[in-house]
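**Q** Supplied in structure tokens, the structure appears directly below.
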Amino acid sequence: MNTTPQRVVITGIGIVTSLGVGRSAHEALLAGTTSPKPVVDNARYAPYSVHPLPEIDWSAQIPKRGDQRQMDDWQRLGVFTAGLALEDAGLKDDAEATASMDMIVAAGGGERDLTVDTLIIDEAANHNDRERLLNEKLMTELRPTLFLAQLSNLMAGNISIVHKVTGSSRTFMGEEAAGISAVETAFARIRAGQSTHALVGGGHVAERPDMHFVFEGIQALAQGDWQPLAARSNQAGGGIVLGSAACFLVLESRERATARGATIYAEIEAVEGDRGSRDDEGLERRLQRMMDGAATPDLIVSGASGLVGITEREASVWRNSFPDAILRRYANVVGHALEAQFPIGLGLAALALKADGAIAPFEADDKALDKPIDTALVTTVGYVRGEGVARLSRVGGKA
Amino acid sequence: MTSYRDHKGRPIVAVTGMGIVSSLGRGKADNWQKLSGGVSGIHPISRFPTDGLSTKIAGTVEFVNVPLINATEISFAMAREATEEALAEAGLSGEFGGPLFLAAPPIEAEWSTRFGYADMARAIEAEGNAYERFNAVLRERADPDLHQAVLFGTISERLADKFGTRGLPVTLSTACASGATAIQLGVEAIRQSRTDRALTVATDGSVSAESLVRFSLLSALSTQNDPPEKASKPFTKDRDGFVLAEGAATLVLESLESAVARGARVLGIVAGCGEKADHFHRTRSSPDGGPAIATIREAMADAGLDASQIGYVNAHGTSTPENDKMEYLAISSVFGDHLPNVPVSSNKSMIGHTLTAAGAIEAVFSLLTIANGTLPPTINHDNPDPAIALDVVPNIKRDKAVTSVLSNSFGFGGQNACLVMTAEPA
């Protein structure tokens, strides 16, 4: 067994947010000197605002109508964005590469059929045997394909079908932690020489009352018109504005990437996740421990969800530990994307490193960038549990 | 030193503790006695009425104590019991100190919850679709218990707290291959030398009216409701679908070196893992069996064993027309001339299909097969499918010493994962 750790690099970025479709759309936004104007729909799901899906031509990455019909937007978004990542890495039609490519998808669940669920609760209102009514309605109203569109591992399953990624297929679940573990696991496998290239990422659809139901169990969503993160503690609700967004990355051993002449966006130096009680500064201690011994990063790309309280606590840790670093909290511009949040942070940080640190401000008091950057820290603190950090470095930068 | 490394120079991964809950009962002793005795755990469903449903039977687990009947609570309770048993056998108490890999079912709110919220929504005259109304209720009064019950990370969080695992636990789903994937992740972490030990758990307590109907609508379930114990009949001509079931299993994985160093009893070795995704169809396998064949071959190559060195196959054997045919094709392609010498039986004939938990439950049974020198039978094998020429250990257990077992897991979404387990380091 090869015991020399392999270096792990990012060679493909597929990204979709409310701000646009694809890598170049996001590069352009990051290159600006003013904050990208968030795209917000504050009417359709009032009192919640959401960052909606941009206009997407699904056929560009999911050519068969039959495949598109088998999915709802959540799976389509993931399959579409995975296709962008493969294309960006130059591996889209490389049958040999995709057949041996590992895949880890950070997934929630697919859309419920809101019409059927509403019909059932309405009929049950005046029914004295709800369980039997439920059986009857489920047997007659559920679409057989709906189950597959809801199944967590079928985002990955559809990526296999549409893009022929079949080296392996693993689906991780568990909110933000799923995205952290997905990157951590793919990184560890490549680093240990167990894998040479992997597709990793996730997608999230914000335009789903069935998902708002999950967040509102603890009244986590912000209410009313969109506000920047810094202003959300003064707003009704819990501070989170959900974003429809997805990011898939192609991770590769540097050796393999170099051998095939691939574009390298950034190197991943380390990825770690942790969890535990957040009381008594537990959150702060874990974030600091994960950064123990690490040099001050030039840039911190924070996936803070916006949840009031935790969001401020995370920012304090970075401001205290790394006062000289530039901090960017991307929920300000694309919202919170749950399982996809950590991969999105890696995607944005890698683009910034590739562009010598070009990263527009995301909120009013964001410090402007005044020097080239070599290192970035990507963070995600789950709105309920789980924290993760990744350290990235510029490739071809200062030695 | 070298004896702690496998044929590829990697740390050998030992199993030092196992725990199990299934419809047959709790604990290895009870489960093994019934499994090897050909006892079925399948029974009429009592958790919810089955009027109007085409399938009225399952292998639900009704005997664990839960504060509420929902998939999160049942899945957690079974996982906790299986893990307590495994850690006791491994002789580990206190903080576990290694990572947790958990295979758990995707979870949603129960219908009883939706009905309750619909009533509350009517009381405040909330408008909109079902969830918009529910959300209006939640804006007035939060429901942290509901919130925990519908988060996918809740079960692993509770297990991590209870058993003191280290780092961020992984919760995974590879459909019906999930249990095997959890074990594979543990093996990989030890081979990477990231840890000396890993807790691998798989649990599924998700049988509900809706989950049953969903599988029914895909024509995946047996509808031969009477008698229930005869419904699951893998590899027979009249097999007509699988039987939904619940259960959990835990395996404590350790590097052989660390297990020996602390004087732990080694129950077996996870010698090889294979995985390969299928891009043919969402629910059907490639007609040529290619990905399943590749997965089995990869697991055996990873273990450094060839077909002649595998003594027994613990089949996925769901009792669906599709799986059993495809699995036969895959096994016969890999084993070739050795096929007549390799018994292949299906635990699912007795415990049903425990979905997310199946790969881990069947890994435990595979290691018990090695330990006891007894092959569990494939029960209900009254009308063999002439197109499936396998020695399925029909109906009655068989005494046979085996030192290496292949365990197959295949799932919707093109998921394939296989494990090779051995008595001693290969």
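The values are calculated or read from the model by the stated rules, or taken from the named source; none is laboratory data. Worth saying up front: this structure is predicted, and the values here are computed from it rather than measured. Here the Cβ is made from the backbone with ideal geometry for all residues, glycine too, and neighbour counts use every protein chain on show. Side chains are part of the model used for accessible areas, which takes the heavy atoms of the whole protein and leaves out ligands, DNA and RNA. Shrake-Rupley method; radii C 1.70, N 1.55, O 1.52, S 1.80 Å.
**Q** Give the number of residues within segment B:52-71 that are open to solvent by less than 20 Å² (accessible area, probe 1.4 Å) and hydrophobic (A, V, I, L, M, F, W, C).
**A** Total satisfying the criteria: 6.
**Q** Got a number for residues in segment B:113-156 being of a type outside the set (A, V, I, L, M, F, W, C), over 30 Å from B:THR356 (Cα atoms) and either surrounded by fewer than 21 Cβ atoms within 10 Å (Cβ to Cβ) or at pLDDT below 95 (or both)?
**A** The initial filter retains those residues of segment B:113-156 that are of a type outside the set (A, V, I, L, M, F, W, C), namely B:113-114, B:116-117, B:119, B:122, B:125, B:127-129, B:131-133, B:135, B:139-141, B:143-145, B:147-148, B:153-154, B:156.
Pick out the ones that are also over 30 Å from B:THR356 (Cα atoms) and you get B:119, B:122, B:125, B:127-129, B:132-133, B:135, B:139-141.
The next check asks that each one be either surrounded by fewer than 21 Cβ atoms within 10 Å (Cβ to Cβ) or at pLDDT below 95 (or both); those that pass are B:119, B:122, B:125, B:127-129, B:132, B:139-141.
Here the count works out to 10.
**Q** So, in segment A:30-39, how many residues would count as being open to solvent by less than 50 Å² (accessible area, probe 1.4 Å) and either hydrophobic (A, V, I, L, M, F, W, C) or more than 15 Å from A:VAL334 (Cβ to Cβ) (or both)?
**A** The number of residues fulfilling the criteria is 1.
**Q** Further question: Out of curiosity, is B:GLY91 surrounded by fewer than 24 Cβ atoms within 10 Å (Cβ to Cβ), at pLDDT 95 or above, over 19 Å from B:VAL170 (Cα atoms) and more than 14 Å from chain A (Cβ to nearest Cβ)? Give the derivation first.
**A** Values: surrounded by fewer than 24 Cβ atoms within 10 Å (Cβ to Cβ): yes; at pLDDT 95 or above: yes; over 19 Å from B:VAL170 (Cα atoms): yes; more than 14 Å from chain A (Cβ to nearest Cβ): yes.
So B:GLY91 fits the description; yes.
**Q** Could you name every one of the helices (runs of 4 or more DSSP H) located completely within segment A:132-198 that has at least 2 residues being within 7 Å of chain B (Cβ to nearest Cβ), at pLDDT 95 or above and open to solvent by 10 Å² or more (accessible area, probe 1.4 Å)? Walk me through how you get there before you give the answer.
**A** Working: elements: A:144-150, A:154-163, A:176-191.
Correct list: A:176-191.
**Q** A further question follows. Tell me which helices (runs of 4 or more DSSP H) are completely within segment A:263-342 and hold 3 or more residues being surrounded by fewer than 24 Cβ atoms within 10 Å (Cβ to Cβ), or say none if there are none.
**A** Here the list reads A:282-290, A:310-321.
**Q** Give me the pairs, please: first residue somewhere in segment B:250-277 and part of a helix (DSSP H, G or I), second residue anywhere and not acidic (Asp, Glu), beta-carbon distance under 6 Å, and either six or more positions apart or on two chains.
**A** Every condition considered, the pairs that remain are B:LEU256/B:TYR4; B:LEU256/B:ILE12; B:LEU256/B:ALA14; B:GLU257/B:TYR4; B:ALA259/B:ALA14; B:ALA259/B:THR16; B:ALA259/B:VAL266.
**Q** Give, as residue ranges, the helices (runs of 4 or more DSSP H) completely inside segment B:102-215 that count at least 1 residues that are within 9 Å of chain A (Cβ to nearest Cβ) and under 24 Å from the mean Cα position of the chain (by Cα). First the steps, then the outcome.
**A** On the way: elements: B:111-123, B:130-140, B:144-150, B:154-163, B:178-191.
Helices (runs of 4 or more DSSP H) meeting the threshold: B:144-150, B:154-163, B:178-191.
**Q** Mind counting the residues in segment A:46-55 that are within 14 Å of A:LEU221 (Cβ to Cβ) and open to solvent by 30 Å² or more (accessible area, probe 1.4 Å)? Don't jump to the end; show me each part of the working.
**A** First pass over segment A:46-55, keeping only residues within 14 Å of A:LEU221 (Cβ to Cβ): A:46-51.
Then drop every residue that is not open to solvent by 30 Å² or more (accessible area, probe 1.4 Å), which leaves A:46-47.
Counting residues in segment A:46-55 that are within 14 Å of A:LEU221 (Cβ to Cβ) and open to solvent by 30 Å² or more (accessible area, probe 1.4 Å) gives 2.
**Q** For the structure I just gave you, tell me whether B:VAL266 is open to solvent by less than 40 Å² (accessible area, probe 1.4 Å) and either within 14 Å of chain A (Cβ to nearest Cβ) or closer than 27 Å to B:GLU89 by Cα (or both).
**A** Values: open to solvent by less than 40 Å² (accessible area, probe 1.4 Å): no; either within 14 Å of chain A (Cβ to nearest Cβ) or closer than 27 Å to B:GLU89 by Cα (or both): yes.
It is false that B:VAL266 is open to solvent by less than 40 Å² (accessible area, probe 1.4 Å) and either within 14 Å of chain A (Cβ to nearest Cβ) or closer than 27 Å to B:GLU89 by Cα (or both).
**Q** Whether any residue in segment B:168-190 is among the charged types (D, E, K, R) and over 30 Å from A:ALA46 (Cα atoms) is what I want to check. Quick ask: steps written out before the conclusion?
**A** As a first pass, look at segment B:168-190 and keep what is among the charged types (D, E, K, R): B:188.
Retained after the next criterion (residues that are over 30 Å from A:ALA46 (Cα atoms)): B:188.
Yes, the conditions are met somewhere in segment B:168-190.
**Q** Within segment B:370-377, is even one residue assigned to a helix (DSSP H, G or I), more than 26 Å from B:THR283 (Cα to Cα), open to solvent by 10 Å² or more (accessible area, probe 1.4 Å) and of a type outside the set (Val, Ile, Thr)?
**A** Yes, because at least one residue in segment B:370-377 is assigned to a helix (DSSP H, G or I), more than 26 Å from B:THR283 (Cα to Cα), open to solvent by 10 Å² or more (accessible area, probe 1.4 Å) and of a type outside the set (Val, Ile, Thr).
**Q** Looking at (1) open to solvent by less than 40 Å² (accessible area, probe 1.4 Å); (2) within 19 Å of the chain's Cα centre (by Cα), which is the only condition B:LYS276 fails?
**A** (1)
**Q** So which of B:SER40, B:SER54 is of a type in the set (S, T, N, Q) and within 17 Å of B:ILE361 (Cβ to Cβ)?
**A** On the way: B:SER54 fails: within 17 Å of B:ILE361 (Cβ to Cβ).
Selected residue: B:SER40, the only one of B:SER40, B:SER54 that is of a type in the set (S, T, N, Q) and within 17 Å of B:ILE361 (Cβ to Cβ).
**Q** Among the residues of segment A:102-119, count how many are more than 25 Å from A:LEU338 (Cα to Cα) and more than 8 Å from chain B (Cβ to nearest Cβ).
**A** Of the residues in that region, 2 qualify.
**Q** Quick check on B:SER346: is it in contact with a strand residue (DSSP E or B) (Cβ under 7 Å, 6 or more places away or on another chain), in contact (Cβ under 8 Å) with a residue 40 or more places away in the chain and of a type in the set (Gly, Ala, Ser)? Can you show your working first?
**A** Values: in contact with a strand residue (DSSP E or B) (Cβ under 7 Å, 6 or more places away or on another chain): yes; in contact (Cβ under 8 Å) with a residue 40 or more places away in the chain: yes; of a type in the set (Gly, Ala, Ser): yes.
Here the answer is yes, as B:SER346 does meet what is asked.
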